[in-house]
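See structure below.
The values are calculated or read from the model by the stated rules, or taken from the named source; none is laboratory data. Remember, it's a predicted structure, so these values are computed and weren't measured experimentally. Every residue, glycine as well, gets a Cβ built from its backbone with ideal geometry; the counts of neighbours run over all protein chains shown. Calculation scope for accessible area: heavy atoms of the full protein, side chains included, ligands and nucleic acids excluded. Shrake-Rupley method; radii C 1.70, N 1.55, O 1.52, S 1.80 Å.
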Amino acid sequence: MTISTLVPLIGHTSASAALQDCMLGLGMKKMPKGDSTTRVRTQDKLVSLEFDPTESYMGRNVREPVGDGGFTLESFDVHQGYLGELPFGLSLAMERQQVDAALGRALDEDPKAEVQTYRRDAFLIIVFYGRKGRKIDTFRFTRPNVHSAKRFNIELQAVAAETPSATAQPLSAPELLSFLGASPDDAAFGAWLDQHGIHDRPHAAPGVDGHGAASDETLREARLSEIDENERHGVALIYESRENHGRLFSAEAAGQGYVLKQAAFYGPGVSGRAGFQGELPFGLRFADGPAQVQEKLSAPIARRVLHGLPAELWVDKDWHLNISYTADASRVAIVHVRRPNRYDLEMIGAASSEASRNAPDLEKLNAAIGLAVDDAKLQAALAPLAWNRDARDEAGRGDEFFRYLKSHGLSLYFRDGADAGTTVLAGYRVNRAGDMDSAGYPGPLPFGLAFSTRLEDIIPRVGRDPDAHGVAEDTGYFLWNLPGFRLHVLYSLIDWQVYRVTCSGPVAG
């Protein structure tokens, strides 16, 4: 596979089998994902592909993109140091006169400019010169768009999209779901992914300095890698760290790496995709409406709107199933499938849990809101956590205290007290297992709530309507102003359960 193979693939989308195969042949296993990874590079960074969201690409080009992927290859760069064969007989060792001889006269008015643009067949070759305009730094290969055509007086003609190469063999949903809980590093799962042309893998953010800190960009890329939206097959593979998966799904010892947590199957036309072409699990069809789905599955345990689409939820001891419908609720749009976690099983009465003795007493903690960090009542509330002098000194140095977040799912908040030099407890938050990479708060929540409490049971347990209520794309909250403290309950619309609980001081006045 050579770089020249990429030239006719400019204008192909991220769902193009030909483009994916070419990239794989050049050692590029990643595909564009979101704004932070629209540029894909070879490992040595000497070749880089620039993708554009397909909708944006179509707004600047009269030539239709090939395929129905969310991103389209707009150009690719070859940088100084690349030793392979280049398109059109070019070489990074050429002088200006040699480039002119190979490509003809440049389109730019100034022949001595550090950037020169040439036209060859249906393509533009942009040459970036460095070192006083003599030595080539980069070749860029692209097609004329409406902006470059206007600049260089190029006449563009609308060209219908090429017929994409044969689509990939449809995935087997049962085979894919059999790998739930498996790591892509496992031989069997890794081989299955490679067999179906799925080469992206989840990864943690590497450190960029001697202390192991990661940049914002590498953190975003690592987070994006946990969701592999494979346009070629119309599926999304959703991974989770092995540590968090163990906290939620099993009692196995935590380890490194990632495992497959969930699979999503997209219907035709959803997010511009061709959609999943295989047979859906549970006898479902994308043509099914809610009535047909219920005939096959029974009544759902929840109905709500997720990310702008009407959705229904089913949970049993074997499966956790979320089905989103088209906006008019006429047919299935997306099917999300995973195994039930510990909170799901508790929610349906298939499992139970006992409170840990190592959990701090939240009733005592509520009573300690507003007390100084060295007050005996606060020390008693936090006794299971060794609220020692070192911890109290740390609390006095900042507003947020996360020492117990990972081990106990507990964060503490502090503020300056009324007396000069004092620090008092302003409130706390408890997280469920897996949330913010925590082991989860293991004790009872206020008012008999639990992280497995269903949404419709939250208000009855508190005993009165909330003072405020809000809903986002996949979460919501209730807020109560209670005697002595404020109670904020964040819930998950996806899981239909309590997600976080925050208590803070009462509103002044």
Report summary line: Subset of the range 108-120, residues in contact with a helix residue (DSSP H, G or I) (Cβ under 9 Å, 6 or more places away or on another chain) and open to solvent by 60 Å² or more (accessible area, probe 1.4 Å), comes to Pro111, Lys112, Arg119, Arg120
Requested in this report: Could you grab the pairs with beta carbons closer than 8 Å, sequence gap of 6+ or different chains, first residue in the range 386-403 and of a type in the set (Lys, Arg), second one open to solvent by 60 Å² or more (accessible area, probe 1.4 Å)?
Outcome: Arg392/Asp374; Arg403/Glu394
Report task. Out of the residues in the range 173-192 that are under 18 Å from Gln277 (Cα atoms) and touching a residue at least 24 places away in the same chain (Cβ under 8 Å), state the one that is surrounded by the most Cβ atoms within 10 Å (Cβ to Cβ). Result -> Leu176
**Report entry** Criterion (closer than 23 Å to Gly484 by Cβ and at pLDDT 90 or above) met by exactly one of Gly427, Gly440, Gly434
**Finding:** Gly427
Requested in this report: For the range 404-413, indicate whether the set of residues that are over 22 Å from Leu449 (Cα atoms) and surrounded by 14 or more Cβ atoms within 10 Å (Cβ to Cβ) is non-empty.
Outcome: no
Query raised in the report: Does the range 223-234 contain at least one residue that is over 15 Å from Tyr325 (Cα atoms), open to solvent by less than 60 Å² (accessible area, probe 1.4 Å) and in contact with a His (Cβ under 6 Å, 6 or more places away or on another chain)?
Result: yes
Requested in this report: Kindly list the number of the only condition in (1) within 34 Å of the chain's Cα centre (by Cα); (2) part of a helix (DSSP H, G or I) that fails for Asp393.
Outcome: (1)
Query raised in the report: When you go through Ala359, Ala327 one by one, which is the residue that is assigned to a loop (DSSP other than H, G, I, E, B) and under 26 Å from the mean Cα position of the chain (by Cα)?
Result: Ala327
Report task. For the range 409-440, enumerate the residues that are on the phi > 0 side of the Ramachandran plot and not in a strand (DSSP E or B). Result -> Gly409, Gly421, Gly434, Met436, Asp437, Gly440
Query - All positions within the range 11-48 that are more than 18 Å from Glu85 (Cα to Cα) and at pLDDT 85 or above - result: Gly11, His12, Thr13, Ser14, Ser16, Ala18, Leu19, Gln20, Asp21, Arg39, Val40
Report summary line: Considering residues that are part of a loop (DSSP other than H, G, I, E, B), under 40 Å from the mean Cα position of the chain (by Cα) and not acidic (Asp, Glu), the number found within the range 93-133 is 1
Requested in this report: Please report, ordered by residue number, the strands (runs of 3 or more DSSP E) entirely within the range 441-492 with at least 3 residues that are of a type outside the set (Val, Ile, Thr) and buried (at least 16 other Cβ atoms within 10 Å of the Cβ).
Outcome: 475-482, 485-492
Report summary line: From the option list Glu312, Glu295, single residue qualifying as among the acidic types (Asp, Glu), within 20 Å of Ser492 (Cβ to Cβ) and at pLDDT 95 or above is Glu312
Query raised in the report: Would you call Phe447 within 24 Å of the chain's Cα centre (by Cα), of a type outside the set (Lys, Arg) and either under 24 Å from Arg357 (Cα atoms) or at pLDDT 95 or above (or both)?
Result: no
Query - Out of Val47, Val78, sole residue that is closer than 21 Å to Ser148 by Cα and aliphatic (A, V, I, L, M) - result: Val78
Requested in this report: Test each condition in (1) among the β-branched types (Val, Ile, Thr); (2) touching a residue at least 60 places away in the same chain (Cβ under 8 Å); (3) in contact with a helix residue (DSSP H, G or I) (Cβ under 7 Å, 6 or more places away or on another chain) for Ile323 and report the one that comes out false.
Outcome: (2)
Query - Residue match in the range 296-310 (condition: farther than 27 Å from Pro53 by Cβ, β-branched (Val, Ile, Thr) and open to solvent by less than 60 Å² (accessible area, probe 1.4 Å)) - result: yes
Query raised in the report: Tell me, which strands (runs of 3 or more DSSP E) wholly within the range 1-92 include 1 or more residues that are of a type in the set (Phe, Trp, Tyr), open to solvent by 20 Å² or more (accessible area, probe 1.4 Å) and touching a His at 6+ places or on another chain (Cβ under 7 Å)?
Result: none
Report task. Read through the list (1) modelled with pLDDT of 95 or more; (2) more than 24 Å from the chain's Cα centre (by Cα), then give the number of the only condition that Pro506 fails. Result -> (1)
**Report entry** Gly275 being at positive phi, at pLDDT below 90 and either in a loop (DSSP other than H, G, I, E, B) or open to solvent by less than 20 Å² (accessible area, probe 1.4 Å) (or both)
**Finding:** yes
Query raised in the report: Of the residues that make up the range 427-440, is at least one within 20 Å of Glu354 (Cα to Cα) and open to solvent by 50 Å² or more (accessible area, probe 1.4 Å)?
Result: no
Query - Residues (surrounded by fewer than 20 Cβ atoms within 10 Å (Cβ to Cβ) and either in contact with a Gly (Cβ under 6 Å, 6 or more places away or on another chain) or assigned to a loop (DSSP other than H, G, I, E, B) (or both)) located in the range 330-356 - result: Ser330, Arg331, Arg339, Ile348, Gly349, Ala350, Ala351, Ser352, Ser353, Glu354, Ala355, Ser356
